[in-house]
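Chemist: So that we are looking at the same thing, I have put the structure below in structure tokens.
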Amino acid sequence: MGSVQSFRQLCDRQKNTNVHLSLPAVCIVWQTAMIILFGVFIRYNEESDPHWVETKRKKNISSDIENDFYFRYPSFQDVHVMIFVGFGFLMTFLKRYSFGAVGFNFLIAAFGLQWALLMQGWFHSLDYTDGKIKIGVENLINADFCVAGCLIAYGAVLGKVSPVQLLVLTLFGITLFAVEEYIILNLIHARDAGGSMVIHMFGAYYGLAISWMLYRPNLDQSSRLQGSVYHSDVFAMIGTLFLWMFWPSFNSAITDHGDGQHRAAINTYLALSSTVLTTVAVSSLFQKHGKLDMVHIQNSTLAGGVAVGTAAEFMLMPYGSLIVGFCCGIISTLGYIYLTPFMEKHLKIQDTCGIHNLHALPGFIGGIVGAITAAAASESVYGTEGLVNTFDFEGEFKDMKPTRQGGHQAAGMCVAICFGIGGGILVGCILRLPIWGDPADDNCFDDEAYWEVPEDEESIPPILQYNNHMRNKDVTESNFTVEQN
Amino acid sequence: MGSVQSFRQLCDRQKNTNVHLSLPAVCIVWQTAMIILFGVFIRYNEESDPHWVETKRKKNISSDIENDFYFRYPSFQDVHVMIFVGFGFLMTFLKRYSFGAVGFNFLIAAFGLQWALLMQGWFHSLDYTDGKIKIGVENLINADFCVAGCLIAYGAVLGKVSPVQLLVLTLFGITLFAVEEYIILNLIHARDAGGSMVIHMFGAYYGLAISWMLYRPNLDQSSRLQGSVYHSDVFAMIGTLFLWMFWPSFNSAITDHGDGQHRAAINTYLALSSTVLTTVAVSSLFQKHGKLDMVHIQNSTLAGGVAVGTAAEFMLMPYGSLIVGFCCGIISTLGYIYLTPFMEKHLKIQDTCGIHNLHALPGFIGGIVGAITAAAASESVYGTEGLVNTFDFEGEFKDMKPTRQGGHQAAGMCVAICFGIGGGILVGCILRLPIWGDPADDNCFDDEAYWEVPEDEESIPPILQYNNHMRNKDVTESNFTVEQN
Amino acid sequence: MGSVQSFRQLCDRQKNTNVHLSLPAVCIVWQTAMIILFGVFIRYNEESDPHWVETKRKKNISSDIENDFYFRYPSFQDVHVMIFVGFGFLMTFLKRYSFGAVGFNFLIAAFGLQWALLMQGWFHSLDYTDGKIKIGVENLINADFCVAGCLIAYGAVLGKVSPVQLLVLTLFGITLFAVEEYIILNLIHARDAGGSMVIHMFGAYYGLAISWMLYRPNLDQSSRLQGSVYHSDVFAMIGTLFLWMFWPSFNSAITDHGDGQHRAAINTYLALSSTVLTTVAVSSLFQKHGKLDMVHIQNSTLAGGVAVGTAAEFMLMPYGSLIVGFCCGIISTLGYIYLTPFMEKHLKIQDTCGIHNLHALPGFIGGIVGAITAAAASESVYGTEGLVNTFDFEGEFKDMKPTRQGGHQAAGMCVAICFGIGGGILVGCILRLPIWGDPADDNCFDDEAYWEVPEDEESIPPILQYNNHMRNKDVTESNFTVEQN
């Protein structure tokens, strides 16, 4: 017990946000490591290699348009926008943390996707003949997906950690993700096209566990910066909308060619539409005078996309998608109203962006919906070949039955939660070490800590600002009477 | 006469913007209705159904890439961006109505597209063998198109109506749209790839008629909020640019595979380029000192895309597209300078976003251009097969001649105008009922009415703001001498 | 000597920013000229012409999906976003020049792409049978590329020139670009998929030479407007991110179908990721307290995309891309820290956006990397056919060897630099004429010069603003004690 206490004391000593050496050192060392590992391991796959012209002939492929690039590149670019603009701008809602929101999101995504290409490559794209990872557009999409898990986790600790901590969070997050994903998709053989379990549940619980480990009892010292201002809420809507619009691409990006991608896009489109209406309804119902709250519109409207992730490629049916979206809009908004304050007060989990309501809860619903939809699958609905294709009942799983598949889906959820919470506690321990340059309690949510912030006229007291204004304009006479008193 | 007056008095009684019950009730009830109707009617079509693998074999389709998804999905996503980011941000130009602009746009689009899938489905995608509507990516695009009509109408009443009124406007708007579209495209057999008539003329006249019915003689009471501020104009440019850039996708999204989509994209790209130059020219010419007006740049630059909508898939020729854009830039900008004030003063039509200049006038030009281009079509220009494909001279219209097609195009315009004005008057009557929670005249264009607006430092009187600032910072000594007087 | 001096005096006389006649005149005349030239020269190519159905049959093309439209349209739209939103918003970082940044970017891009279709068409798409230029989607992409060169140049003179000057800059820029491109790609037979040399080096040296010619010794008179404010930096990040995300599309948009596009996208994706980490590292290392500078994050993170432009379609290998990105992030950021101030002080080159660091230096690196990668190419790596396809060793160049190709690549760089500097000096001379309405030294970086700027509450002295506020609200009693003194 004593050692725990002294560990705590060690961690809570005077904060210093100077990352003058640690941030450059980590960036340069890790990027150098990436170059070396890429040099050893990563090569182009046969569809991005100049021998493609021979591959085509050998495999009797009639046209370049059959290259996987043309099936997946438009979806890839949409996913890319979600990762960098969607997640980045969604977090700009705080009045003075927009640089950190967009900038650190940019940094950790750019690092994370490199590490993800390696980690996922070892598990999924290793060519055993030469020991190399062969990459193509599908790997790029999967790397972006992998990064999404870490960006979700960033949402929980937004404004309370240093960029070095974020890079550590990302390094471990990607590693855990790749292992968890391999277990769920390959060993357990659960299906998870849009990553309700693999991405959203894992990412959310990972972030919440870290936030719990980094609990700040005196965070109200920076309460002046915890809200939004008018324009920061509009910026955040850019993030919301690009996530919302491109979510059909997210959920369909790596599903089967043809009807698989087509159906996943339709289901996601419908689920998201439905969520918007119930979010508005609950937001209005639970506020005084029925006024809408931007926090709900920015976040809960997206819950349907999360929840339909697993089942998007299944025969969820259009009305099924609407029902999933309907429920998620309600649950997610209620989460913002009741659960977030409860968790902060009683569970000591400070969740800046409310990822519990946007990713954990809808991810959980998504996992359940996926399990039920899989268990209910039948040859009459899917067709004999369709069932095999959709659920990939091939190879060692060729005798799998839909009902058993439902059980496997549920098992996948457990793995995602365990990896999220367990990994988060472990990484949270590491991030408590007093070497990472995180901000003090009264210095959170403030870009001043890590950014050169322009001398904004707005931040100067108005009277002084007026004086400056006059001085700049070199005005000698003044109709400004106050000073003449 | 007396009854009209008492109706007016009834409608103009004390306003109350409280939508505490009506908004949630409408959202929940309508979304529930959507779920039931989708359950009864909507199914996947053969390209999004798992039986696709069998369909391919039966129809001798060689590759998954022949699935319509790959022809249309990139365009669909661009159209989706136009609907949610394009229209949404275009309307953020008002200084304190950005939440309403983006947020209500989001709400009515999300509701509208569900209702549009049903309404358009009954007319166009009903499978008579089982009475179900079979949807695929083309239905999603058409639903987005249908929603666009209502979002155009929203532009006319922006800031003056409640979200409940907007939902009513959308419900009726989508219904009218689907009927009007069926008459124009199927019964009259007019072609309208980019919807100059079907979408823009209908939407604009619908909105203008509603705005006329909801005329507010004392709207100048909220004139303090009718302008823009610097940053709100920059936000609006996000909307403008995403509309402008993706308009080639809008006009080519549902045209014929191959040369049809290709040509529509080229024509739209050219028309829009030309519009920008003439908009700048006229804006500069008619302002003192030649200064440009952001209102024109935000709106009139888009007129070329509207006007080239009908003829985009025809042999308009590249120079023809430039000419259309040239004229529209001039006419639309002059509309903002002269027509909008005239209409407000003399016709009692208050058109917040100037949709008359951006959609009605260019839509009208587009209809005319379409009729002329169709009438002038010949086998020497299109080729025998090309003519049949482009104008769909098949089935009962297989003896149609281009000259007659020109007449049908003109007839289509009349239907669009009639449905717009007639429907708008009808819906305007309904919206005058005193039950919808619309704002009072001195409360228009203000997000405070329906949104929890953050306590913005800017909106607090500056002296108090400074005091707050000091209090927050817990500063005891002060070099701020005014208060010490 | 005397004549030079009197030329200078002529040019430096009293400035007048009134473009009341010149701007409309130039726009209308040039747009009219475009219409005439398009009428004479431009037609649809066989893939966008209604005879496509016959072409398909004649060329034995099995499906509409083989139309080039489907290979390139998604990339085209991404490039289009980079040109209009990417470049436009990247330049909004100045506190009071966002209208000019986005608006003039819009204007010159819309004009430039029309002129580019003609200029590039004469060189590359002229059908000698009928003397017409036949355009399709690839021409649209190339026109956007061509415009990019001029937008880069705009970055150097941002805030210091009039819109008329920008149109002149664009007219000559596009013309020079098309000639330079023809020499480099066709006569010298250098390869340059992403335009490191053709677009970035040319554009940057063109802009820098113009800026040198337009040197303003007293530019510090408008130093109050040369910085950013908080929100303008966030707006600029929209530009940065859309450039960053869509750069893989830029570099792969016109490469060979199949593996060429696939590989170019992968290489660009990787190079850009790597650049982000080294930019952050150097930015933090060279600032006091390790704080990051938004200027670096907004700009240097993009350098990797520039530098990988030429070699993106070659076998640069994934680790090679990372190395290129690694170096460029460092060099570009150091350029912002040391070179930009040096150039302004000692070379009299005022480079508003630092295009030397973002385009010239990385473009130079890109040219070198391209030359080395080409020279090192071998049949064992590319395959016999792959080598011929990738380097286009066909026709008169069918005996070309990779080593010699490396020399040709280097020669291409020299041409790009010469055209850039030479053209820039020439055009700079023209732009010094005192007829263009450019702003005075104390009036630079200010939207007031060319735009109707809304009466922003923020720009009114706060006490007066408060008074206005009270007056508007019609408040008679006041708890604002200062005035009561």
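The values are calculated or read from the model by the stated rules, or taken from the named source; none is laboratory data. Nothing here was measured: the structure is a model prediction, and the numbers come from that model. Glycine also receives a Cβ, built like all others from the backbone with ideal geometry; neighbour counts cover every protein chain displayed. Surface accessibility is based on the protein's heavy atoms, side chains included, excluding ligands, DNA and RNA. Shrake-Rupley method; radii C 1.70, N 1.55, O 1.52, S 1.80 Å.
Chemist: Identify the single condition in (1) open to solvent by 30 Å² or more (accessible area, probe 1.4 Å); (2) touching a residue at least 40 places away in the same chain (Cβ under 8 Å); (3) not aromatic (F, W, Y) that C:G329 does not satisfy, given that it satisfies every other one.
Modeler: (1)
Chemist: If you check B:G383 against the conditions, is it open to solvent by less than 40 Å² (accessible area, probe 1.4 Å) and touching a residue at least 12 places away in the same chain (Cβ under 8 Å)? Break it down into steps so the answer makes sense when it comes.
Modeler: On the way: open to solvent by less than 40 Å² (accessible area, probe 1.4 Å): yes; touching a residue at least 12 places away in the same chain (Cβ under 8 Å): no.
No; evaluated as a whole, the condition is false for this residue.
Chemist: Identify the residue in segment A:441-453 that is open to solvent by less than 30 Å² (accessible area, probe 1.4 Å) and in a loop (DSSP other than H, G, I, E, B) and, among all such residues, is farthest from A:G159 (Cα to Cα).
Modeler: That would be A:V453.
Chemist: Report yes if some residue within segment C:212-220 is buried (at least 24 other Cβ atoms within 10 Å of the Cβ), at negative phi and out of contact with any Phe, Trp or Tyr (no Cβ under 6 Å at 6 or more places or on another chain); otherwise report no.
Modeler: Within segment C:212-220 (the criterion being buried (at least 24 other Cβ atoms within 10 Å of the Cβ), at negative phi and out of contact with any Phe, Trp or Tyr (no Cβ under 6 Å at 6 or more places or on another chain)), the answer is no, since none of the residues qualifies.
Chemist: Anything in segment A:67-78 that is open to solvent by less than 10 Å² (accessible area, probe 1.4 Å) and at the interface with chain C (Cβ under 7 Å from one of its Cβ atoms)? List them, or say none.
Modeler: Across segment A:67-78, the qualifying residues are A:N67, A:F69, A:Y73, A:Q77.
Chemist: All but one of (1) under 19 Å from C:Q261 (Cβ atoms); (2) not in a loop (DSSP other than H, G, I, E, B) hold for A:V29, so report the exception by its number.
Modeler: Only one criterion in (1) under 19 Å from C:Q261 (Cβ atoms); (2) not in a loop (DSSP other than H, G, I, E, B) is unmet by A:V29, namely (1).
Chemist: Let me ask another. Take A:E313 and tell me if it is surrounded by fewer than 24 Cβ atoms within 10 Å (Cβ to Cβ) and not hydroxyl-bearing (S, T, Y).
Modeler: The answer is no for A:E313.
Each row is one residue, and each column tells you yes or no for (1) open to solvent by less than 10 Å² (accessible area, probe 1.4 Å); (2) under 24 Å from A:F71 (Cβ atoms); (3) in a helix (DSSP H, G or I); (4) facing chain A (nearest Cβ under 7 Å).
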{"position": "C:S222", "(1), (2), (3), (4)": "yes, no, yes, no"}
{"position": "C:I254", "(1), (2), (3), (4)": "no, yes, no, no"}
{"position": "C:H262", "(1), (2), (3), (4)": "yes, yes, yes, yes"}
{"position": "C:I297", "(1), (2), (3), (4)": "yes, no, yes, yes"}
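Conditions tested, residue by residue: (1) open to solvent by 10 Å² or more (accessible area, probe 1.4 Å); (2) modelled with pLDDT of 95 or more.
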site	(1), (2)
A:L241	no, yes
A:W247	no, yes
A:D259	yes, no
A:S273	no, yes
A:T279	no, yes
A:G290	no, no
A:L302	no, yes
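Chemist: Also, quick follow-up: How many residues does segment A:152-184 hold that are open to solvent by 10 Å² or more (accessible area, probe 1.4 Å) and of a type in the set (S, T, Y)?
Modeler: Of the residues in that region, 2 qualify.
Chemist: Please determine, by comparing only the residues of segment C:366-380 that are open to solvent by 20 Å² or more (accessible area, probe 1.4 Å) and of a type in the set (G, A, S), which one is nearest to C:G407 (Cα to Cα).
Modeler: Looking at residues that are open to solvent by 20 Å² or more (accessible area, probe 1.4 Å) and of a type in the set (G, A, S), I get C:A375.
Chemist: While we're on this one: Got at least one residue in segment C:314-323 being of a type outside the set (G, A, S) and under 20 Å from C:V81 (Cβ atoms)? Walk me through it before giving the result.
Modeler: Taking segment C:314-323 and keeping what is of a type outside the set (G, A, S), we get C:314-319, C:322-323.
If we keep only those that are under 20 Å from C:V81 (Cβ atoms) as well, we get none.
For segment C:314-323, residues of a type outside the set (G, A, S) and under 20 Å from C:V81 (Cβ atoms): absent.
Chemist: If you go through segment B:386-400, how many residues are open to solvent by 30 Å² or more (accessible area, probe 1.4 Å), part of a helix (DSSP H, G or I) and within 14 Å of chain C (Cβ to nearest Cβ)?
Modeler: 2
Chemist: Can you name every one of the helices (runs of 4 or more DSSP H) wholly within segment C:306-380 that holds 2 or more residues which are of a type in the set (V, I, T)? Full working, then the answer.
Modeler: Working: elements: C:318-334, C:340-346, C:361-375.
Fully inside segment C:306-380 and qualifying: C:318-334, C:361-375.
Chemist: Inspect segment B:343-354 for any residue being among the hydroxyl-bearing types (S, T, Y), within 18 Å of the chain's Cα centre (by Cα) and open to solvent by 10 Å² or more (accessible area, probe 1.4 Å) and give the result as yes or no.
Modeler: Filtering segment B:343-354 for residues among the hydroxyl-bearing types (S, T, Y) gives B:352.
Adding the requirement that they be within 18 Å of the chain's Cα centre (by Cα) leaves B:352.
Cutting the leftovers down to open to solvent by 10 Å² or more (accessible area, probe 1.4 Å) gives us B:352.
Yes, the conditions are met somewhere in segment B:343-354.
Chemist: Hey, among the residues in segment A:113-148 that are closer than 16 Å to A:L167 by Cβ and more than 9 Å from chain C (Cβ to nearest Cβ), which one's most open to solvent (accessible area, probe 1.4 Å)?
Modeler: A:W115
Chemist: Could you please give the count of residues in segment C:274-291 that are assigned to a helix (DSSP H, G or I) and among the basic types (K, R)?
Modeler: So the count comes out to 1.
Chemist: Okay, next question. Right, B:I35: facing chain A (nearest Cβ under 8 Å), under 30 Å from B:D130 (Cβ atoms), modelled with pLDDT of 95 or more and in a helix (DSSP H, G or I) or not?
Modeler: Details: facing chain A (nearest Cβ under 8 Å): yes; under 30 Å from B:D130 (Cβ atoms): yes; modelled with pLDDT of 95 or more: yes; in a helix (DSSP H, G or I): yes.
Judged against the criteria, B:I35 is a match.
Chemist: Something else: For segment B:404-454, which positions are more than 20 Å from B:I349 (Cβ to Cβ) and without any contact (Cβ under 8 Å) to a residue 24 or more places away in the chain?
Modeler: Once the filter is applied, which keeps residues that are more than 20 Å from B:I349 (Cβ to Cβ) and without any contact (Cβ under 8 Å) to a residue 24 or more places away in the chain, segment B:404-454 yields B:R404, B:C414, B:E452, B:P454.
Chemist: Sort out which residues of segment A:212-252 are without any contact (Cβ under 8 Å) to a residue 40 or more places away in the chain and either touching a strand residue (DSSP E or B) at 6+ places or on another chain (Cβ under 6 Å) or among the hydroxyl-bearing types (S, T, Y) (or both), and write them in order of number.
Modeler: Matches in segment A:212-252: A:S223, A:Y230.
Residues are listed down the side, and each one gets a yes or a no for (1) surrounded by 24 or more Cβ atoms within 10 Å (Cβ to Cβ); (2) more than 8 Å from every other protein chain (Cβ to nearest Cβ); (3) without any contact (Cβ under 8 Å) to a residue 24 or more places away in the chain:
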{"residue": "A:S62", "(1), (2), (3)": "no, no, yes"}
{"residue": "A:I65", "(1), (2), (3)": "no, no, yes"}
{"residue": "A:H80", "(1), (2), (3)": "yes, no, no"}
{"residue": "A:F84", "(1), (2), (3)": "yes, no, no"}
{"residue": "A:F87", "(1), (2), (3)": "yes, yes, no"}
{"residue": "A:T92", "(1), (2), (3)": "yes, no, no"}
{"residue": "A:G100", "(1), (2), (3)": "yes, yes, no"}
{"residue": "A:G103", "(1), (2), (3)": "yes, no, no"}
{"residue": "A:A110", "(1), (2), (3)": "yes, no, yes"}
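Chemist: In segment C:38-49, which residues are more than 7 Å from chain B (Cβ to nearest Cβ) and either open to solvent by less than 40 Å² (accessible area, probe 1.4 Å) or in contact with a Cys (Cβ under 9 Å, 6 or more places away or on another chain) (or both)?
Modeler: C:N45, the sole residue that qualifies.
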